[in-house]
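Take a look at the structure below.
What follows draws every value from the coordinates through simple rules; no lab data is involved. This is a predicted model, so every value here is computed, not measured. For neighbour counting, all protein chains shown are included, and Cβ atoms are generated from backbone atoms with ideal geometry for every residue, glycine included.
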Amino acid sequence: MKQEILSILSDVIAIPSVALQSNLKLVEYIENYLLKLGGDIHLIHNYKNDKASLVCFLGPRDVEGGLILSGHMDTVPPDVSKWNTDPFGLVEGVSPEGEVGYFGLGVCDMKTFLAQTLFCVRELDQKKLKRPLVLMFTYDEEVGCMGVRSALSFIKSLSRTIPSSAMIGEPTGLKVFTAHKGHTQLTISVRGKAGHSSRVDEGVNAIEWACRVISVINDYGIELREKVKFQDLFKDYPFRTLNVAQIQGGSAVNIIPEDCEIKVGYRTLPGDNPDTIYQELKHRVEEEVLSCLHQKHPAADILFKLENEVMAMHTPEGSEIEKNLREVVNDYDIHAAPYTTEGGIISHFGVDCIICGSGSIKNAHQSNEFMSKEDIFKGIDVIKAIIERMCF
């Protein structure tokens, strides 16, 4: 068993699937693997046809209940200069904490889960499945959960019964996470007036006005942090947060910058309507900054564009998937993630979602990404057990 799972894991890590790049070679590998097992496989391509999500149906078609095993195929881009090994190779070694395991891009987030799932499905006696088992592997989760929406819409279009539960294999140390925050991304564009930098009064410096916008964002962020909620779930960060993530503007040091773009992200709590924060932020910027900007130069402007939105997730206590996973991993504590997963989208299709997977989130998005041997093999036992409980 150990050699086979490591062989699969080595294969999927060796195939690059960096977010925003094509993942079709990895899709082909997984499709060919599952075709040998007789699954009902569907590929859902993006509009450029250079990447795809994969959905595989196993078991009965129109039976209530069942399970989705959900994971994403993409990884963050590696900074090769900071890796001690080849990011696209599965290399055995010892972590700084002294654990024996493997290094490789995506080994933690989340190609180990893909490999574990493929191995577990091969071990199944599909004829004995009493409820549906669906594998859903998506693209571009790392840049806004782009692939999962079309995958779920496709499943719904087939008029098939969507399983009522999902296990999302993000790294949680095999703890049961019942909730996570949402995340919304927006772009604020400040349009000024260009001019020679020696004649500053004849132009409108977009970067200077963008700084005023950022000040408004920061003030609003402080207010949001004061509104504490869900302390039992989000023990360290029981509040909404605003983050000014990127700023870009100007073309040369002797030109008054005409444009400046600000990238902003904010994290919401379960039950929030993300549009409420968006509209309030927009109102404050328009009232405190744009009105003054128009007095200086009526043609100048501040534009808002909502780029991406993933809702928060909160699975009610007592769901079938929660009960079974808690028993399988013997974890009865309350856990929630301050980050976002595809569960925020899957749950809005009426599916009870739990985040539970091998490895630690501390090792994700890091150079020399690592997963211990113990976590790899223990995760297989957990996936087998939850399939047994939910689908047989």
Roughly speaking, what is the stretch gain from Ala385 to Glu64, that is 0.36 nm per residue apart minus the C-alpha to C-alpha distance, in nm to one decimal?
113.6 nm
Percent relative contact order of region 54-110, based on C-alpha pairs within less than 8 angstrom and at least six residues apart?
29
For Leu152, Leu34, what's the fewest-to-most ordering of other Cβ within 10 Å of each Cβ?
Leu34, Leu152
Ranked Leu43, Leu281, criterion: other C-beta atoms within 10 Å, fewest first
Leu43, Leu281
Which one, Asn273, Gly192, Phe230, is farthest towards the positive end of the dipole of region 182-310 when Lys and Arg carry +1 and Asp and Glu -1 on their Cβ?
Phe230
If you line up the long axis of helix 206-225 against the longest principal axis of the chain, both from Cα atoms, how many degrees apart are they, to the nearest 10?
50
Please work out the FRET efficiency for the pair Val80 and Lys373, using the Cβ-Cβ distance as r and a Förster radius of 30 Å; give the result to the nearest 0.05.
0.75
Using Cα-Cα distances under 8 Å and only pairs 6 or more residues apart, what relative contact order does region 182-310 have, in percent?
42
Which listed residue (Gly65, Ala52, Ala14) has the Cα farthest towards the positive end of the charge dipole for region 1-75, taking +1 on Lys and Arg C-beta and -1 on Asp and Glu C-beta about the Cα centre?
Ala14
What is the total of Lys pairs in region 178-242 with C-alpha atoms under 30 Å apart, excluding same-chain pairs fewer than 8 positions apart?
4
On Cα atoms only, tilt of 274-285 relative to the major axis of the chain in degrees:
10
Compute the longest continuous run of the chain that contains no exposed trypsin sites (Lys or Arg not before Pro); treat a site as exposed when its DSSP state is not H, G, I, E or B and it has at most 12 other Cβ atoms within 10 Å.
236-392
Geometric extent, Cα atoms of region 112-189 - Rg, Dmax (angstrom)
15.7, 57
Could you list Val253, Val80, Val289 in order of exposure, starting from the residue whose Cβ has the fewest other Cβ atoms within 10 Å?
Val253, Val80, Val289
When the helix-only estimate is applied to the chain (DSSP H runs of n ≥ 4, each -39,500 (n - 2.57), divided by the residue count), what is the mean residue ellipticity at 222 nm, nearest 500 deg cm²/dmol?
-9500 deg cm²/dmol
Taking Cα atoms only, helix 373-391 is inclined relative to the longest principal axis of the chain by an angle, in degrees rounded to 10, of 80
All alpha-carbon distances of the chain, grouped into 10 Å bins from 0, give the whole-percent distribution 5, 21, 28, 23, 14, 7, 2, 0
Here the gain from full extension of Phe349 to Leu303, 0.36 nm per residue of separation minus their alpha-carbon distance, amounts to 13.4 nm
Averaged across orientations, what area in nm² does the convex hull of the alpha carbons in region 182-310 project?
8.2
